[in-house]
Amino acid sequence: MDDSRTTTLRHNTFPISTPEAEGIPSAAILAFLNAIEQHEHPLGATHSFILLRHGHLVAQGWWAPYQPAFPHMLYSLSKSFTSTAIGIAVGEGLLRVDDPVLQFFPDESPKDPGDNLRAMTVRHLLTMNTGHHEDTTNAVWRGEDDNWPRAFLSLPVEHEPGSWFVYNTAATYMLSAIITRLTGETLIDYLRPRLFDPLGIRNPAWDTDPHGRSIGGSGLHITTEDIARFGQMYLQQGQWQGQQIVSATWIEEATKAHSDTSNTQSNPDWSAGYGYQFWRNRRHSYRGDGAFGQFCLVLPEQDAVLAMTSGRQDMQHVLDTVFDTLVSSFTDGPLPVDETTRQELTARLASLSLPLVEGSATSQLASQVSGITFSVAGNDLGIDRLRFDFDDANPALTITDREGDRAVISGYDAWVPGTLSWAGTGTRRIAANAAWTSDTTFELRICDTEFETGTIWRTRFAEGDISVEIDPNVAWGERNVVLLTGKRTGLS
């Protein structure tokens with residue numbers, strides 16, 4: 001046995017092993033990395049992964065500039081944590097899954113609720129079978145009423161609850177609101193001593209509604225290792241280091257298919273059924289997942305867990321790659337070690353990075369435009385001016401809008417960390433890389449290293465004018481490139 005098996009991560013979480021010792025060829029993990037790095041957009045990529053088997057850490061990696069200590073926005077993977085809170089609350093006798101939703105919100109309920117709303121239960125919230133014909137999230141979160149439970153309960157319920165699946169993040173929010181109504185605590189505070197602290201999940205953060213309630217259906221920020229801990233606890237039927245976090249009965253119930261998802265889903269791993277805020281997979285497994293590739297994949301038959309964070313559109317491609325390239329290679333017993341391949345994998349995992357800009361650190365034009373301010377034509381981003389500085393090894397782009405100046409410092413051969421703020425988003429951790437891709441074109445790549453987002457800024461300089469293409473890696477709808485145009489002002 002490799003001595004490294006006795007080495008542990010922080011909090012002694014997972015003993016470290018080799019892939020072959022746990023029945024996984026190193027070559028299969030290399031093939032997985034090769035496949036997962038094929039993507040349409042240079043920044044539309046996987047950010048991290050942790051692979052566990054038989055309770056051992058067999059492989060992990062973070063693509064620079066993403067790092068192990070950085071929390072990541074989970075989006076709808078948050079839902080699986082909300083479901084867990086309901087399971088714990090059921091175990092504490094605070095509620096039952098067949099309790100009517102209206103009983104928790106007497107002050108927010110409409111005066112004359114219809115039969116379908118009266119029939120809606122906690123179970124229907126859990127299974128996305130509330131009876132709403134369409135997702136209610138925009139109507140609740142972006143409506144005029146800042147009392148979100150009241151807004152949710154005011155909407156028409158067109159179908160009998162339990163008869164119509166529709167993915168509905170506002171339904172998960174209502175589970176969070178129920179926890180707060182029952183306990184007087186936000187969801188994150190309720191889970192802190194019951195889930196987060198026992199699992200060693202440090203400093204979780206959860207976005208809130210206008211009244212400070214955790215939004216439940218999205219908005220949880222934790223690290224990749226935290227996701228892996230959560231998945232391993234589920235694989236172990238709710239046990240963690242001798243403590244029963246959530247009952248095995250709840251886990252069995254939560255992770256089996258309760259809803260037929262074929263009415264709204266076409267991709268195979270989204271049409272295999274939905275449990276209590278967990279998706280079923282084609283291959284006798286289940287997962288929590290969030291937009292743009294946040295995954296907690298639990299594989300009971302293989303005794304394995306895969307945690308991933310990403311910023312990519314093609315989520316089905318990711319799952320296809322996981323099952324076809326990686327999981328299909330698992331064996332029941334240890335494998336002989338191919339030392340050459342193992343060393344190649346070790347080196348590869350240590351050097352993962354999102355693609356740097358291919359180009360030059362110099363341009364004949366750089367000195368002519370360095371320090372020049374360009375006035376930007378009206379645009380939806382609210383950008384008024386741009387200035388480029390090319391005087392040293394770390395080129396800078398200064399962006400000016402109504403809130404003032406903010407500089408993005410980049411590196412030619414590396415990701416340079418920094419921060420950036422936009423109106424409504426606060427200050428975020430970023431990293432940037434840049435190069436001249438031609439004598440007149442400067443390309444800057446910016447990664448939002450605690451979120452899914454990354455953008456490419458391609459600036460073309462021509463006779464005192466600039467045109468800037470801002471190309472995002474992901475979008476909620478169609479992924480569109482924003483075009484800015486500007487003129488030299490003479491200001492410096």
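The values are calculated or read from the model by the stated rules, or taken from the named source; none is laboratory data. Because the structure is predicted, anything quoted here is derived from the model rather than measured. Glycine gets a Cβ as well: all are built from the backbone with ideal geometry, and neighbour counts include every protein chain shown.
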Self-check item: Matching residues, the range 244-263, being in a loop (DSSP other than H, G, I, E, B) and either among the charged types (D, E, K, R) or surrounded by fewer than 17 Cβ atoms within 10 Å (Cβ to Cβ) (or both)
Solution: S247, K256, A257, D260, S262, N263
Self-check item: Filtered residues of the range 420-470 (kept if more than 22 Å from F292 (Cα to Cα) and basic (K, R))
Solution: R458, R460
Practice problem: Under 6 Å between Cβ atoms, at least 6 apart or on separate chains: pull out the pairs that start in the range 268-295 with a residue that is under 16 Å from L235 (Cβ atoms) and end on any residue that is among the acidic types (D, E) and in a helix (DSSP H, G or I). | Solution: N281/D269; H284/E301
Exercise. Using the structure shown, decide if I383 is more than 25 Å from Y66 (Cβ to Cβ), surrounded by 17 or more Cβ atoms within 10 Å (Cβ to Cβ), within 28 Å of the chain's Cα centre (by Cα) and in the same structural domain as A462 (by TED's automatic domain parsing).
Key: yes
Quiz item: Which residues, counting only those in the range 34-53, are part of a loop (DSSP other than H, G, I, E, B), within 22 Å of T341 (Cα to Cα) and of a type outside the set (S, T, N, Q)?
Solution: E37
Exercise. For A304, indicate whether it is in contact (Cβ under 8 Å) with a residue 40 or more places away in the chain, buried (at least 24 other Cβ atoms within 10 Å of the Cβ), among the small types (G, A, S) and closer than 22 Å to L74 by Cβ.
Key: yes
Exercise. Would you kindly identify the strands (runs of 3 or more DSSP E) lying entirely within the range 439-492 that contain at least 2 residues that are at pLDDT 95 or above and under 18 Å from S367 (Cβ atoms)?
Key: 441-448, 454-462
Quiz item: Counting only residues that are surrounded by fewer than 16 Cβ atoms within 10 Å (Cβ to Cβ) and either modelled with pLDDT of 95 or more or over 20 Å from the mean Cα position of the chain (by Cα) (or both), how many does the range 423-436 have?
Solution: 1
Quiz item: So A291 clears everything in (1) surrounded by fewer than 23 Cβ atoms within 10 Å (Cβ to Cβ); (2) more than 18 Å from the chain's Cα centre (by Cα); (3) modelled with pLDDT of 95 or more except one condition, right? Which one?
Solution: (2)
Quiz prompt | Complete set of residues in the range 327-339 that are touching a helix residue (DSSP H, G or I) at 6+ places or on another chain (Cβ under 8 Å) and not in a helix (DSSP H, G or I) | solution = F330, P334, L335, P336, V337, D338
Quiz item: G131 versus (1) surrounded by 20 or more Cβ atoms within 10 Å (Cβ to Cβ); (2) in contact (Cβ under 8 Å) with a residue 60 or more places away in the chain; (3) in the same structural domain as E160 (by TED's automatic domain parsing); (4) touching a Phe, Trp or Tyr at 6+ places or on another chain (Cβ under 8 Å): which is the lone unmet condition?
Solution: (2)
Practice problem: Given the conditions (1) at pLDDT 95 or above; (2) surrounded by fewer than 22 Cβ atoms within 10 Å (Cβ to Cβ); (3) within 30 Å of S271 (Cβ to Cβ), report the number of the one that Q103 does not fulfil. | Solution: (3)
Practice problem: Name the one entry in T398, T459, T440, T453 that is surrounded by 13 or more Cβ atoms within 10 Å (Cβ to Cβ) and more than 26 Å from A64 (Cα to Cα). | Solution: T440
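Table: residues versus (1) farther than 25 Å from H41 by Cα; (2) free of Cβ contacts under 8 Å to residues at least 60 places away in the same chain.
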| site | (1), (2) |
| --- | --- |
| L386 | no, no |
| T400 | yes, yes |
| R406 | yes, yes |
| P417 | no, no |
| T453 | no, no |
| E469 | no, yes |
Quiz item: Which one of R150, R192, R181 is of a type in the set (D, E, K, R), touching an Asp or Glu at 6+ places or on another chain (Cβ under 6 Å) and surrounded by fewer than 23 Cβ atoms within 10 Å (Cβ to Cβ)?
Solution: R150
Quiz prompt | Cβ pairs under 6 Å, 6+ apart, first in the range 426-444 and polar (S, T, N, Q), second crowded, with 23+ Cβ neighbours inside 10 Å and not in a strand (DSSP E or B) | solution = N433/S410
Quiz item: Restricting attention to the range 462-492, and to residues there that are buried (at least 17 other Cβ atoms within 10 Å of the Cβ) and not small (G, A, S), which single residue is farthest from the chain's Cα centre (by Cα)?
Solution: I466
Quiz item: If you go through the range 340-363 one residue at a time, do you hit one that is of a type in the set (A, V, I, L, M) and in contact with a helix residue (DSSP H, G or I) (Cβ under 7 Å, 6 or more places away or on another chain)?
Solution: yes
